[in-house]
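*Asks:* This is the structure I want to talk about, given as structure tokens.
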Amino acid sequence: MAEFVQSRVEDYVPVLLQLERVGLLTEKEARTVIKKVTALEYKLKRRSLNKEDFINYIQYEINFLELLFKRRQRIGYFFKKGEIEAVIKQKVHCLFQRATEKWRDDLQLWMSHVEICKKWNSKQQLSRIFSSLLAVHSDKPALWIMAAKWEFEDQLSSETARNIFLRALRFHPDSAKLYQEYFRMELMSVEKQKNEKEILRQAKLDTAKDLYSGEILNCGLARVVYKAAVQNIKGAKFHLSLLSIAKHFKFTKDLQRKILADLQRLYAEDPHTWDFLARQELSDELPAPEAPKSKQKKAEILAQKEEQCSRVYERALASLQTESMWELYVSFCLERYKRKTNSEELKQQRQDRLLSTFQGAHDAGLLPQARYYDWISLLFTLEKGDLAVQLLEAATDRFPGSVDMWKKRLELLITLKAENLEKVFEKALALVKTQESLPLWELMVDWSEMERSEKATESLYQKLVLNPNTTKTMKVKYLQWTYRIQGYKRARKVFSSLQENRPFSEDFFKMMIDIEKDQEKSKMGNLREYYERALREFGAAKPDIWLSYIKEELSHAEGKPENCGPIHWRAIKVLQGPAVEEFVNKYALLQSGHL
């Protein structure tokens, strides 16, 4: 083993001697480098290899290169720079290669090597890395795309990039992302060739006609990719993604028409097709001579276009009454409504259309639940609270099991101080699943605290602390309310009555501790009782409770600092897993005054 290490270190000596001669390293620094490299090499010769040792060695060599670069910049000496750096860079590549052979599944290691090659512009090395990487991780389409992009953009090789995409599609024939990027690459290749041909034409060189195929310049290869893509990947969304890519290139008008025609033929009943066709009405630009000049005229034309969009949506709904179709129509109307405009007429038109669309979807029973919230918000903005109440009643009839919908309705009724509130609460709690009813109970006790008598509120709390679905939260709220309304002594009695009634939350004990500390003369004996109760329930997983207990003994007027040692010992014994390390670290910070 020593012979191998010595051989590798000796390969390093000529480089260090040369650096020492020109003043980039001192003799002492050179000896330090030899010592460090020897130690790192020995670590790589162990029977049980550690990935961290490879990473540390690689990082050391990269840092050494950066140091040399800074020193060269400072003294202005660049003689034999490439020759010396090549030796160190080659060593880094070899270390990466050995590491990736050992830990082939570690993608982060491969990516680090790729980034280093890009940084150093090691093109041949990177080409070999991609070849090995794709052989090992052929199941990841993103890596194939990365390799193809590098070949096309950095190596300027359309042919190699094309071959990589074709190989990738043999492994992943159903990958939409691969087809999208391959399609984009072919269009970029056409754009590049068109630009080159134009430059040659301007230079009046006759070779321009012979070098570039008319079929390729007419997007022939891109059409082939498109055809294969739509045969393998179905759905209007994917079809539209290809159309979106084609729209970025000015020379694809014919291809866009082909894609659009296929979209209407294959997916005439898909809501996304109609959504695209409707929005297309907005994107159609007027010819330059017809472009409006005044703001009023622009607003009128925009209003006409939005009206045309609306007609397309309504034409779609005539034959396609689905929730997704209504959702797309509502989304469009909401987007347009939120756009700023100085035209009051256009603003009113958008508002009327949005309200009409909400109503139409609701009447059809196809308005998604989330859109009811948008509708209610709009009604509040327009100060139509009565309509919002009616709407929420209809919405809870349609979604009787929705906690959020009932909560929204109850909040509105509380705001409006409605008379039939208790009956609505009862109805909601009867229809919502018991295990999901906590938000409604929380709302009910908040309302009870504000509007009902103290006795009625306490009766409600006493009922809820016994309910297994609400007990954890309600114990905390009950204790807090009791202290606020009835004072400290009553709060202690409530705590005593509940302290054996499991399950608990950590906040229940924290609340009682805060109440005790809030007193003018808090008693340490009571605080110890509360902390001990909390530790009995949560001591195995909550290091912060132990730390708070220790801080209390140190800071309280009646505290006993000598108790901190036993508490610390108990914490180490009781805490489990990562909580032990967290406690030790925070305790060290506490001792140093940083916590």
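The values are calculated or read from the model by the stated rules, or taken from the named source; none is laboratory data. All figures in this text were calculated on a predicted structure; none of them were measured in a lab. Positions of Cβ are generated from backbone atoms using ideal geometry, with glycine treated the same way; all protein chains shown enter the neighbour counts. For the accessible areas, the whole protein counts, side chains as well, though only heavy atoms, and no ligand, DNA or RNA atoms are used. Shrake-Rupley method; radii C 1.70, N 1.55, O 1.52, S 1.80 Å.
*Asks:* Are any residues in region 152-200 open to solvent by 60 Å² or more (accessible area, probe 1.4 Å), in a helix (DSSP H, G or I) and touching a Lys or Arg at 6+ places or on another chain (Cβ under 9 Å), and if so, which ones?
*Replies:* Within region 152-200, 191, 197 meet the criteria.
*Asks:* Only one of (1) in contact with a Phe, Trp or Tyr (Cβ under 8 Å, 6 or more places away or on another chain); (2) farther than 30 Å from residue 297 by Cα; (3) of a type in the set (Val, Ile, Thr) is not met by residue 389, so which one is it?
*Replies:* (1)
Quick grid of which residues meet (1) part of a helix (DSSP H, G or I); (2) among the aliphatic types (A, V, I, L, M):
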residue	(1), (2)
357	yes, no
367	no, yes
383	no, no
395	yes, yes
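*Asks:* Within region 530-543, which residues are open to solvent by less than 70 Å² (accessible area, probe 1.4 Å), in a helix (DSSP H, G or I) and not hydrophobic (A, V, I, L, M, F, W, C)?
*Replies:* Of everything in region 530-543, those that are open to solvent by less than 70 Å² (accessible area, probe 1.4 Å), in a helix (DSSP H, G or I) and not hydrophobic (A, V, I, L, M, F, W, C) turn out to be 530, 531, 532, 533, 537, 543.
*Asks:* Residues to consider are 75, 88, 58; find the one that is touching a Gly at 6+ places or on another chain (Cβ under 8 Å) and of a type in the set (A, V, I, L, M).
*Replies:* 75
*Asks:* I need the helices (runs of 4 or more DSSP H) fully contained in region 227-284, keeping only those with at least 2 residues that are charged (D, E, K, R).
*Replies:* It comes to 253-266, 271-283.
*Asks:* Still on this structure, I have one more. Can we say residue 448 is surrounded by 17 or more Cβ atoms within 10 Å (Cβ to Cβ), within 25 Å of residue 367 (Cα to Cα), small (Gly, Ala, Ser) and in contact with a Ser or Thr (Cβ under 9 Å, 6 or more places away or on another chain)?
*Replies:* The answer is no for residue 448.
*Asks:* Of all helices (runs of 4 or more DSSP H) completely enclosed by region 1-119, which ones contain at least 1 residues that are of a type in the set (S, T, N, Q) and under 28 Å from residue 133 (Cβ atoms)?
*Replies:* 51-75, 81-102
*Asks:* What number of residues in region 344-364 are more than 15 Å from residue 405 (Cβ to Cβ) and touching a residue at least 12 places away in the same chain (Cβ under 8 Å)?
*Replies:* 13
*Asks:* I've got another one for you. Counting just the residues of region 497-527 that are at pLDDT 90 or above and open to solvent by 50 Å² or more (accessible area, probe 1.4 Å), which one comes out nearest to the chain's Cα centre (by Cα)?
*Replies:* The qualifying residue nearest to the chain's Cα centre (by Cα) is 507.
*Asks:* From 222, 299, grab the single residue that is at pLDDT below 90, in a helix (DSSP H, G or I) and crowded, with 18+ Cβ neighbours inside 10 Å.
*Replies:* After applying the criteria, what remains is 299.
*Asks:* Moving on to the next point. With respect to the numbered conditions (1) of a type outside the set (Val, Ile, Thr); (2) surrounded by 20 or more Cβ atoms within 10 Å (Cβ to Cβ); (3) in a helix (DSSP H, G or I), which one is the sole condition not fulfilled by residue 362?
*Replies:* Looking at each condition in turn, residue 362 falls short on (2).
*Asks:* Next question, about the same structure. Does any residue in region 258-278 that is touching a residue at least 40 places away in the same chain (Cβ under 8 Å) come within less than 8 Å, Cβ to Cβ, of a residue that is assigned to a helix (DSSP H, G or I) and polar (S, T, N, Q) six or more places away or on a different chain, and which pairs are these?
*Replies:* Cβ pairs passing all conditions: 269/319; 271/324; 278/310.
*Asks:* Is it true that some residue in region 503-512 is small (Gly, Ala, Ser), within 30 Å of residue 465 (Cα to Cα), without any contact (Cβ under 8 Å) to a residue 60 or more places away in the chain and part of a loop (DSSP other than H, G, I, E, B)?
*Replies:* Scanning region 503-512 turns up at least one residue that is small (Gly, Ala, Ser), within 30 Å of residue 465 (Cα to Cα), without any contact (Cβ under 8 Å) to a residue 60 or more places away in the chain and part of a loop (DSSP other than H, G, I, E, B).
*Asks:* To continue, here is another question. Which residue pairs have Cβ atoms under 6 Å apart, sit 6 or more places apart or on different chains, and have a first residue in region 68-87 that is within 25 Å of residue 123 (Cβ to Cβ) and a second that is exposed (fewer than 12 other Cβ atoms within 10 Å of the Cβ)?
*Replies:* So the pair list comes out as 72/78.
*Asks:* Here is a list: 77, 42. Which entry is at pLDDT below 90, farther than 30 Å from residue 137 by Cα and open to solvent by less than 90 Å² (accessible area, probe 1.4 Å)?
*Replies:* 77
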